[in-house]
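Below: the structure, in structure tokens.
The values are calculated or read from the model by the stated rules, or taken from the named source; none is laboratory data. Everything numeric in this text was worked out from a predicted model, so none of it was measured. With ideal geometry, Cβ positions are generated from the backbone for all residues, glycine too; neighbour counts draw on all protein chains shown. Note: accessible area is taken over every heavy atom of the protein model, side chains too, but ligands, DNA and RNA are not part of it. Shrake-Rupley method; radii C 1.70, N 1.55, O 1.52, S 1.80 Å.
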Amino acid sequence: MTRKPVSPLYRAIRGSIRLVYPKPTLQGLDQIPDEPVIFVGNHTQMNGPIVAELYMPVPRKTWCASAMMERSEVAAYAFQDFWSQKPAWTHPFYRVLAHLITPLSVLIFNQAETIPVYHDTRILETFRQTVQTLEDGKSVVIFPEEDRRYNNVVYHFQSHFTDVARTYYKKTGKVLSFVPMYIAPRLKMVVFGPPVRFDPTVPMRTQRDTICRALMDRVTELALALPPHTVVPYRNIPKKDYPKNVPAEVSDP
């Protein structure tokens with residue numbers, strides 16, 4: 001797959017972000033198979049995409065909402081996804097901000113190592129690019145959380161991303177691994193856990209939920225194994241409401 005040209009402006013932005021967002025400590029690197037995989041992690045608002053673009057330990061591409069790559073869709077998507085849960089009196093400000101970031105969003109997410117994720121029949125193109133990326137020897141990073149809380153660490157994962165494993169197996173005969181990844185911005189750490197393997201002998205409709213639940217549970221276990229810290233949640237809620245990796249009622253003696 002041909003690498004897209006990279007503009008000087010994007011290089012400057014990427015370099016600036018690297019200066020203010022230093023490399024996190026990476027743990028569990030021995031859990032990553034020596035083959036292309038799909039990394040599945042907690043989104044942590046913008047922390048996930050930043051880590052994916054700058055600090056993953058292997059060559060990779062990242063799934064990105066196509067709306068953040070298309071000028072006509074950025075403002076509506078950004079407001080709804082980033083700021084709609086802010087206090088109502090702040091909404092006019094954030095609607096204006098959503099329009100202001102549109103040119104920057106289009107530049108960054110089209111220049112970065114991304115795969116656009118569509119929510120219509122073009123999802124076939126998402127899968128095609130994903131399988132091609134894996135065949136090219138690169139891994140793929142996916143942040144599949146949706147707005148339903150699973151526990152104090154992660155929100156529920158949308159499950160249909162797992163279908164990539166079936167498509168990949170049909171085309172290549174290779175079994176794909178999903179590697180759980182927990183990003184802890186407050187600890188400046190990224191932790192990788194034991195992979196979950198696709199099983200070509202099990203119907204996909206059964207495996208979707210099984211794989212997702214295993215990944216959500218393993219991401220949670222990675223978080224619980226770390227020192228007490230504040231979890232940066234999927235939703236952009238007030239910071240005073242951010243959860244802890246170990247709830248107070250559990251950690252208190």
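I want to confirm something. Restricting to segment 60-96 and keeping residues that are among the polar types (S, T, N, Q) and open to solvent by less than 40 Å² (accessible area, probe 1.4 Å), which single residue is modelled with the lowest pLDDT?
Initial filter on segment 60-96 (among the polar types (S, T, N, Q)): 62, 66, 72, 80, 84-85, 90.
If we keep only those that are open to solvent by less than 40 Å² (accessible area, probe 1.4 Å) as well, we get 62, 66, 84, 90.
Working: Thr62: 98, Ser66: 94, Ser84: 85, Thr90: 92.
If we take residues in segment 60-96 being among the polar types (S, T, N, Q) and open to solvent by less than 40 Å² (accessible area, probe 1.4 Å), then Ser84 is modelled with the lowest pLDDT.
Name the single residue that is nearest to Ser177 (Cα to Cα) among those in segment 109-155 being of a type in the set (Ser, Thr, Tyr) and touching a residue at least 12 places away in the same chain (Cβ under 8 Å). Even if it seems obvious, please write down each step before you answer.
Of all residues in segment 109-155, those of a type in the set (Ser, Thr, Tyr) come to 114, 118, 121, 126, 130, 133, 139, 150, 155.
With the extra rule that they be touching a residue at least 12 places away in the same chain (Cβ under 8 Å), the set shrinks to 114, 118, 126, 130, 133, 139, 150, 155.
Values: Thr114: 20, Tyr118: 23, Thr126: 18, Thr130: 14, Thr133: 14, Ser139: 10, Tyr150: 22, Tyr155: 21 Å.
Per the criteria, the residue is Ser139.
Got a sec? Which of Arg218, Arg197, Arg205, Arg213 is open to solvent by 20 Å² or more (accessible area, probe 1.4 Å), modelled with pLDDT under 95 and not polar (S, T, N, Q)?
It is Arg205.
Can you find a residue in segment 127-136 that is out of contact with any strand residue (DSSP E or B) (no Cβ under 8 Å at 6 or more places or on another chain), part of a loop (DSSP other than H, G, I, E, B), open to solvent by 40 Å² or more (accessible area, probe 1.4 Å) and on the phi < 0 side of the Ramachandran plot?
yes
Look at segment 86-108 and say how many of its residues are within 20 Å of the chain's Cα centre (by Cα) and either touching a residue at least 60 places away in the same chain (Cβ under 8 Å) or over 26 Å from Arg148 (Cα atoms) (or both). I'd like the intermediate steps shown before the answer.
Applying the first criterion (within 20 Å of the chain's Cα centre (by Cα)) to segment 86-108 yields 104-108.
This time we only want the ones that are either touching a residue at least 60 places away in the same chain (Cβ under 8 Å) or over 26 Å from Arg148 (Cα atoms) (or both), so: 104, 106-108.
Result for segment 86-108: 4.
Pick from Phe192, Phe198: which is farther than 30 Å from Val20 by Cα and either touching a His at 6+ places or on another chain (Cβ under 9 Å) or of a type in the set (A, V, I, L, M, F, W, C) (or both)?
Just one listed residue meets the conditions, Phe198.
Is segment 226-241 home to any residue that is under 19 Å from the mean Cα position of the chain (by Cα), open to solvent by 20 Å² or more (accessible area, probe 1.4 Å), over 16 Å from Pro144 (Cβ atoms) and at pLDDT below 95?
Looking through segment 226-241, at least one residue is under 19 Å from the mean Cα position of the chain (by Cα), open to solvent by 20 Å² or more (accessible area, probe 1.4 Å), over 16 Å from Pro144 (Cβ atoms) and at pLDDT below 95.
Looking only at residues in segment 198-213 that are out of contact with any helix residue (DSSP H, G or I) (no Cβ under 9 Å at 6 or more places or on another chain) and either of a type in the set (Phe, Trp, Tyr) or not in a helix (DSSP H, G or I) (or both), which one is farthest from Tyr169 (Cα to Cα)?
That would be Pro203.
Condition first: surrounded by 20 or more Cβ atoms within 10 Å (Cβ to Cβ) and closer than 18 Å to Ala112 by Cα. Now tell me which residues in segment 21-42 satisfy that.
Ile38, Phe39 - these are the residues of segment 21-42 that are surrounded by 20 or more Cβ atoms within 10 Å (Cβ to Cβ) and closer than 18 Å to Ala112 by Cα.
Residue under question is Asp120, and the condition is that it be open to solvent by 30 Å² or more (accessible area, probe 1.4 Å), of a type in the set (Asp, Glu) and assigned to a strand (DSSP E or B); does it hold?
no
Only residues that are among the small types (Gly, Ala, Ser) and either at pLDDT 95 or above or surrounded by fewer than 16 Cβ atoms within 10 Å (Cβ to Cβ) (or both): list them for segment 157-171, please.
Ala165
Residue check, Ile38 against (1) within 17 Å of the chain's Cα centre (by Cα); (2) under 22 Å from Gln111 (Cβ atoms), all met but one. Which one?
Ile38 satisfies all of (1) within 17 Å of the chain's Cα centre (by Cα); (2) under 22 Å from Gln111 (Cβ atoms) except (2).
Of all residues in segment 222-236, count the ones that are closer than 14 Å to Phe82 by Cβ and hydrophobic (A, V, I, L, M, F, W, C).
Qualifying residue count for the region: 1.
To keep it simple, each residue is scored yes or no on (1) of a type in the set (Gly, Ala, Ser); (2) open to solvent by 20 Å² or more (accessible area, probe 1.4 Å); (3) under 22 Å from Val40 (Cβ atoms).
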| position | (1), (2), (3) |
| --- | --- |
| Pro103 | no, yes, no |
| Val141 | no, no, yes |
| Tyr150 | no, yes, yes |
| Tyr155 | no, no, yes |
